[in-house]
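Enquirer: I'd like to ask some things about the structure below.
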Amino acid sequence: MPENILKQVLSVPVYDVAKETPLEKACLISQKVRNNVLLKREDLQPVFSFKLRGAYNRLLQLSDAEKQQGVVAASAGNHAQGVALAAQKMGIQSTIFMPVTTPSIKVKSVKALGGKVILVGDAFDEAAQAAMAYSAENSATFIPPYDDEAVIAGQGTIALELFRQTKHLDIIFVPVGGGGLIAGIASVVKQVSPQTRVIGVEPEDAACMTEALKANERIILDSVGLFADGVAVKQVGEIPFRIAKTCVDEMITVKTDEICAAVKDIFEDTRAIAEPAGALALAGMKKFVAEKSVSDLNIAVIVSGANMNFDRLKHIAERTDIGEKTEALFAVTIDEAPGSFKRFCELLGARRSITEFNYRYSNVNKAVVFVGIKTEGGLAEKDKLVQSLEEANLAFVDMSDNEVAKLHLRYMVGGRAQGVSNELLYRFQFPERPGALLQFLSHMSNEWNISLFHYRNHGAAYGRVLVGVQVEQKEQLNFENYLNNLGYPFVSEQDNEGYQLFLRSD
């Protein structure tokens, strides 16, 4: 299989539409991680993503009769634009199915490239099903995003460029969604430079390749996180999985905050803004280097794309400091007495910057404050801060990795409610479309009362919502059935420490 991919890669005329992207030294990142880090700038492609390479190579395989019938694809963004541009260059009609929740910037881009856009469903799976049905009914060729040899070979041209642009690479870090990109790159690398390691990177909440390699079979994730929407895939492709088993050296998973920090790193070195999936490989590289304590290596990192709504930047900026370990969040219990705030701030020290301080009176004896503190010295500085709190005999909880705290609690006003009984707390992902909230409410029984609701727009296809609902014991089964039939991903946060400290009714 890798041999077939390499043969195709050597003859693919991708440069009819794509371009050879630069391999740039990231000076600031290199200095920070003590390695020679080179960024492969696929975000500079005409459609701001590597996807154009594979889409064009797949369209080249079409017969004249197939070209006349047109092509169809399903995508929430990058693949859609790649197919649309490749089809436009070849004079082929393209029809692209996209979820209703797709950001308008991506829909407009596909239309501008000559693609006919049909919006269907809230998620990619629904759009894909509609695209397959359209393909069968209209004899239009379906162009898969990653599970296809021609697509994989198109992406593999990146590897040939890497070896033309630099003499020696120790490691190449590649973002992984469905697996087409890493399959193409690894197929070439392991035949041209077998000593070069290929390491794939996935978000912790969308690690379909990582789990498949562990199980030695393709598994389907129950759900996937949507922050890095370009790699939000439940099951890795069949062909990419077969190639990965023999050609990929290692997989790494990273957190949302680490991806946000990588977006900032790329910006500071290049003044370009990568989308979350585009910065994924860099986040993995930083984690690998820190954990393995390696230095003085030549490392290539694939910056895979830059298709992102401007609105998302506020969310990324908010999470970056935690991802870089330069901010810590704590819930700290202090005496409810005059001078307590002052003594607490004195304990923190005059040289420590407070990023936020949230408090509301709730008890005559004790006060629980939510505080954000700059830790410029990273984890070492945070450890000193923890030691200071312990020495002062202050009860505290580290909230730095608490999703409820980072997504909701730090932006909420008020405090503990009085007299709220039988309250259940859940965190939901709502599709960002008109009617989503109404759908949630219209199926709720009048026996249940919403006691808490918090939502912030993050410029993504899905909104994050925190909901408290009063449900009597006799209604528990009905409420569970309602949740399971709702169709929105959810997580129970009943035992979340942030809820217990700041929101739960006394």
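Enquirer: Filter segment 170-196 down to residues that are assigned to a loop (DSSP other than H, G, I, E, B) and closer than 13 Å to Ile302 by Cα, then give me how many there are.
Expert: Residues of segment 170-196 that are assigned to a loop (DSSP other than H, G, I, E, B), as a first pass: 170, 176-179, 193-196.
With the extra rule that they be closer than 13 Å to Ile302 by Cα, the set shrinks to 176.
Within segment 170-196, residues that are assigned to a loop (DSSP other than H, G, I, E, B) and closer than 13 Å to Ile302 by Cα number 1.
Enquirer: Quick one: which of Lys214, Lys190 is within 30 Å of Glu126 (Cα to Cα), surrounded by fewer than 24 Cβ atoms within 10 Å (Cβ to Cβ) and more than 17 Å from the chain's Cα centre (by Cα)?
Expert: Checking each option against the conditions leaves just Lys214.
Enquirer: Here is a follow-up. Kindly provide the set of residues from segment 405-422 that are touching a residue at least 60 places away in the same chain (Cβ under 8 Å), within 31 Å of the chain's Cα centre (by Cα) and farther than 18 Å from Arg360 by Cβ, ordered by number.
Expert: Within segment 405-422, just Lys406 meets the criteria.
Enquirer: Right, something else. Can you work out which of the residues in segment 324-381 that are under 36 Å from the mean Cα position of the chain (by Cα), at pLDDT 80 or above and among the basic types (Lys, Arg) is surrounded by the most Cβ atoms within 10 Å (Cβ to Cβ)?
Expert: Top of the filtered list is Lys325.
This table checks each residue for (1) assigned to a helix (DSSP H, G or I); (2) at pLDDT 95 or above.
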position	(1), (2)
Gln8	yes, no
Ser11	no, no
Thr21	no, yes
Gln31	yes, yes
Val37	no, yes
Arg53	yes, yes
Asn57	yes, yes
Leu62	no, yes
Glu66	yes, yes
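Enquirer: Next up: Out of all the residues in segment 224-238, is one or more of a type in the set (Asp, Glu), over 19 Å from Ala281 (Cβ atoms) and part of a loop (DSSP other than H, G, I, E, B)? Talk me through it step by step, then tell me what you get.
Expert: Within segment 224-238, the first condition is being of a type in the set (Asp, Glu), and the residues that meet it are 229, 238.
This time we only want the ones that are over 19 Å from Ala281 (Cβ atoms), so: 238.
Those left that are additionally part of a loop (DSSP other than H, G, I, E, B): none.
Among the residues of segment 224-238, not one is of a type in the set (Asp, Glu), over 19 Å from Ala281 (Cβ atoms) and part of a loop (DSSP other than H, G, I, E, B), which makes the answer no.
Enquirer: Looking at segment 326-369, which of its residues are aromatic (Phe, Trp, Tyr) and either in contact with a Cys (Cβ under 7 Å, 6 or more places away or on another chain) or part of a loop (DSSP other than H, G, I, E, B) (or both)?
Expert: Within segment 326-369, Tyr359, Tyr361 meet the criteria.
Enquirer: If you don't mind, another one. Go through (1) buried (at least 20 other Cβ atoms within 10 Å of the Cβ); (2) more than 22 Å from Gly178 (Cα to Cα); (3) assigned by TED's automatic domain parsing to the domain that holds Asp122 one by one and return the number of the condition Val17 breaks.
Expert: Result: Val17 fails condition (3) only.
Enquirer: Residue under question is Leu6, and the condition is that it be more than 23 Å from the chain's Cα centre (by Cα), assigned by TED's automatic domain parsing to the domain that holds Thr157 and not charged (D, E, K, R); does it hold?
Expert: Values: more than 23 Å from the chain's Cα centre (by Cα): yes; assigned by TED's automatic domain parsing to the domain that holds Thr157: yes; not charged (D, E, K, R): yes.
The answer is yes for Leu6.
Enquirer: Also, I was wondering about something else. Mind telling me which of the residues Val72, Val100, Val107 ends up being over 19 Å from Gly177 (Cβ atoms), surrounded by 15 or more Cβ atoms within 10 Å (Cβ to Cβ), touching a helix residue (DSSP H, G or I) at 6+ places or on another chain (Cβ under 9 Å) and free of Cβ contacts under 8 Å to residues at least 24 places away in the same chain? Outline the logic, then answer.
Expert: On the way: Val72 fails: free of Cβ contacts under 8 Å to residues at least 24 places away in the same chain; Val100 fails: free of Cβ contacts under 8 Å to residues at least 24 places away in the same chain.
None of the others qualify; the one that does is Val107.
The values are calculated or read from the model by the stated rules, or taken from the named source; none is laboratory data. A quick note: this is a predicted structure, and the numbers were derived from the prediction, not measured. For neighbour counting, all protein chains shown are included, and Cβ atoms are generated from backbone atoms with ideal geometry for every residue, glycine included.
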